[in-house]
Amino acid sequence: MAPVLTRAVVLQTWRYSETSKVVRLATRDLGVQGAIAKGALRPRSPFGAGLELLSEGVAHLYHRETRDLQTLGAFDLLDLRRGLARDVARFAGATALAEIFLRMAPAAPLPPAYDALTAGLDALTRVPADAVEPAAVRAAWGVLGALGFEPSLVRCARDGAALATEPDGPVRFSVAEGGILCERCTTTAPVTRLPPAAYRDLCALADPGAPLPSLDDAHAAAHRRLVARFVRHHFGESGSLHALDFWLRRPWAAAS
Ligand SMILES: [Zn+2]
């Protein structure tokens, strides 16, 4: 059997035996796949040091549809993304993004979602320190959008009515409805009232072509909470999202 060669990002890795690792990969051509890398922990392993969390490479996967765990034959490293380890904020945002991808992406090809993931990781590697938080929020919305959970921000999420692009009062955002609501639509689910400036920032954060808004600590926290609630709602309440919670709480910032 010939291996499938596909670009892949390591979303999770753990030691499986004395010499082997099991990894969960976001692959561009096969979606999320679990694979065993036999001998990865041996000295002079064919995987070298590339099979690390958030690194990207070309995976050689011996892939069978019927198997839960594929066999990884090799991983040609393209980018270790060492820049993500420069500070905790970058790393926390990146691991939250990896977790969202891992939990919400299908085991089926979805190249736009893969590209949104790598674009987000690249942005988190690259942006200046004061832009890490908005870049992380944008990356999360980008991955959600590419996975089919794009929030409705210019039309009412319930009835599709067009809303004012420059509202003069708070805009109601419903996580359960998947976006903003017009005057006519009511919901029993909780809504977040976004002041006009916060609404403009949200639209900019969700639009990769817009300049990245600068957010102070309080507004960055509000945007983190909003996207995290969106993930939780659409992922389902079951199961834990440790990386997302860590990114949300920022314990490292509180301690400094
Ligand atoms: Zn409506």
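By accessible area, using a 1.4 Å probe on protein heavy atoms only, the chain has 53% of its surface on carbon and sulfur.
Over all other residues within a Cβ to Cβ distance under 12 Å of GLU177, the charged ones net out to +2, with Lys and Arg as +1 and Asp and Glu as -1. Grab the DSSP H runs of the chain that are 4 residues or longer, score each as -39,500 (n - 2.57), total them, divide by all residues and round the 222 nm result to the nearest 500 deg cm²/dmol. Estimated from H runs of four or more residues: -11000 deg cm²/dmol. Across the stretch 159-241, Cα pairs under 8 Å and at least six residues apart give a relative contact order of 26 percent.
For the chain, the longest principal axis of the Cα atoms and the long axis of helix 111-126 meet at an angle of about 80 degrees. Accessible surface computed residue by residue for the stretch 66-161, with neighbouring protein chains in place and a 1.4 Å probe, gives 42 Å² per residue.
Roughly how many Å² is the accessible area per residue of the stretch 178-218, as a whole number, for a 1.4 Å probe? Accessible surface, normalised per residue, equals 58 Å².
Counting 0.36 nm for each residue step from ALA2 to SER240 and taking away their Cα separation leaves a gain of 82.0 nm.
Site pair THR165 and ARG64 shows an inter-label distance of 5.5 nm when each label is modelled 7 Å from Cα along Cα→Cβ.
Annotation: for a label point projected 7 angstrom from Cα along Cα→Cβ of HIS233, residues of the stretch 148-177 with backbone N closer than 11 Å are 151-152, 157-158, 173-177. With an 8 Å Cα cut-off and a minimum separation of 6 or more residues, compute the relative contact order for the chain in percent. For the chain, the relative contact order is 15 percent. Cysteines in the chain lacking any other cysteine Cβ under 4.7 Å from their own Cβ: CYS185, CYS203.
Taking label positions 7 Å along the Cα-Cβ direction at both ARG155 and GLU183, the computed distance is 2.0 nm, reported to one decimal. Under the simplified labelling scheme, the ALA129-ARG42 pair shows an inter-label distance of 4.4 nm, with each label point 7 Å from Cα along Cα→Cβ. Estimated at the nearest 10 Å², the accessible area of ARG28 is 70 Å² with a 1.4 Å probe. Other residues within the sphere of radius under 14 Å centred on the Cβ of LEU215, judged by their own Cβ, net out at 0 (K and R +1, D and E -1). Given +1 at the Cβ of Lys and Arg, -1 at the Cβ of Asp and Glu and no other charges, the dipole of the stretch 97-159 around its Cα centre is 140 debye to the nearest 20. Each other residue within a Cβ distance under 10 Å of SER55 adds +1 if Lys or Arg and -1 if Asp or Glu, for a net charge of -1.
The values are calculated or read from the model by the stated rules, or taken from the named source; none is laboratory data. What you are looking at is a predicted structure, and each value in this text was computed from that prediction instead of being measured. So basically every Cβ, Gly included, is an ideal-geometry build from the backbone, and we count neighbours across all protein chains shown. SASA here: full protein model, heavy atoms, side chains in, ligands and nucleic acids out. Shrake-Rupley method; radii C 1.70, N 1.55, O 1.52, S 1.80 Å.
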